[in-house]
Amino acid sequence: MKDLLDFFIEVGKLKRMPRRGWIINQIKNPESIAEHIFRSALMGWIIGEMKGNINVEKLIKIALIHDLCEVYAGDTTPYDSILPRNKKKLRELMKTWPRFSTSEKKKKISEKFRKEKKSLQKLISKLPPKPKKEIIKLWLDYEKGLTPEGRFFHQADRMENFLQAYEYWKKYENPPLGPWWLWAREFFDDPILLKFMKVLEKKFH
Amino acid sequence: MEEKKFYLTKEGLAKIKKEHEDLKALKLAKTAGEIPKIWHSEDLNPEYLSFQEDLSFLEVRIAELENILRNAELIKPLPKNKQSIVSLGAKVLVQVDGQTDEFTIVGSLEANPSLGKISNESPVGKALLGHRVGEEVLVSSPIRTIYKIRKIKYQTS
């Protein structure tokens, strides 16, 4: 039981860890990683159920564990390798969507995967074998898109992020939405999430 | 299980077939109580380490791969005279927002935008289809973006 308690204490850190993307966008009182997990789970469940042919229990479990690795690995953003120190330059950078060469993209993805896997393994190392195995499998499913649930949640997760970007934009006129749309129209392809994106666009524009 | 067609590149289909074969061998060895050869393989994927532990998960993944293979549609190479048009499987060099980027247009299953693999069902993937080098493709909702096509390349089979 002590190991379980220690695990929950570590996981609890996510309640106080602000999402890095909002920090570099200089958003006041940004949401925590745990807050993002909460709404992404709800969105995944409810939209996923409408989509059909989805194991909702598995989907919710994927949602609950998908960012646990960030307890030690921290949160990453596509801007991390090119962040300027100067605040004015940073604001300018946030108006663009960063593009990288194919080899840079591959390098970034594999480094992120390695770092996050190591962090997750450390976090769950003392859990009983059953939840330990299940967490690593669900996380691999999310990361690699091994099943329809992993593939769908990979996009539902980002839709929550997109919705949050709009909510901050409405409140603070920040972050700039141009790069978000550049990314979103290349990223989303799930028919039900594309419909949701249209509704989002109508509500906020 | 998804019933839709899975459009796969030659490389993508080969990868799925290999994983299917490997996992079947792993399952067979595991049920026979042997340590499978793949365990010692140098290019062992991290996923296999996890599958190795759990027969039920292995079976779920095998069923998923079988569903994909049943509904797989190979993206066939286009005839030479049509290779100047963006179609599934094309590598497209674009100029967008003052920067260049390279996309490969793939089916949903192989899509990985972080690696430049854009789904043919995404708004940008869909918009690029059917266009030629030099053309400007406008994606306008709600922010106007122009993708200028610089180069189209197909993998030779």
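Each reported figure results from applying straightforward, stated rules to the coordinates on display, with no laboratory input. No experiment lies behind these values; they were computed from the predicted model shown. Virtual Cβ from ideal backbone geometry, glycine too; neighbours counted across all protein chains shown.
Computed values, structure above
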read-out: Euclidean distance between Cα centres, segment B:67-122 to segment A:131-186, Å; value: 22 Å
read-out: Kirkwood Rh, angstrom, segment A:79-196 [1 / mean 1/r, Cα pairs]; value: 16.9 Å
read-out: Average other protein chain Cβ within 10 Å of Cβ, residues B:112-120; value: 5
read-out: Normalised per residue, the volume of the convex hull around the Cα set of chain A (Å³); value: 127 Å³
read-out: In Hz, Karplus ³J(HN,Hα) per residue of segment B:5-12 (6.51, -1.76, 1.60; θ = phi - 60°; x = Gly, Pro); value: 6, 9, 7, 10, 6, 4, 5, x
read-out: 5 angstrom amide H check on B:E73, placed H, neighbours 5+ away; value: B:F6, B:Y7, B:L8
read-out: Using alpha-carbon coordinates, inclination of helix A:2-12 to the longest axis of chain A, degrees; value: 10 degrees
read-out: Karplus (6.51, -1.76, 1.60) ³J(HN,Hα), θ = phi - 60°, over segment A:113-129, in Hz, Gly and Pro reported as x; value: 4, 4, 5, 6, 5, 4, 5, 5, 4, 5, 4, 9, 4, 9, 6, x, x
read-out: Choice from A:Y172, A:Y72, A:Y142 showing the highest fluctuation, given a GNM over chain A with Cα pairs closer than 10 Å; value: A:Y172
read-out: Interchain or long-range residues, amide H under 5 Å from B:G89's placed H; value: B:I105, B:V106
read-out: Fraction of the pair-distance distribution of the protein assembly as shown above 27 Å, Cα-Cα pairs, percent; value: 52 percent
read-out: Viscosity 1.567 mPa s, 4 °C: Kirkwood-radius Stokes-Einstein D of segment A:30-150 over Cα pairs, µm²/s; value: 79 µm²/s
read-out: At most 14 other Cβ within 10 Å, DSSP loop - trypsin sites (Lys or Arg not before Pro), segment A:1-105; value: A:R16, A:K28, A:R85, A:K95
read-out: Cross-link pairs B:K4/B:K82; A:K15/A:K87; A:K118/B:K15; A:K137/A:K198; A:K107/A:K198; B:K76/B:K148 - those with Cα-Cα distance over 31 Å; value: A:K137/A:K198; A:K107/A:K198
read-out: Square roots of five times the Cα gyration tensor eigenvalues for segment B:50-157, Å; value: 32, 17, 12
read-out: C-alpha long axis of helix A:148-172 to longest principal axis of chain A, angle in °; value: 40 degrees
read-out: Chain A, relative contact order [Cα under 8 Å, separation at least 6], %; value: 27 percent
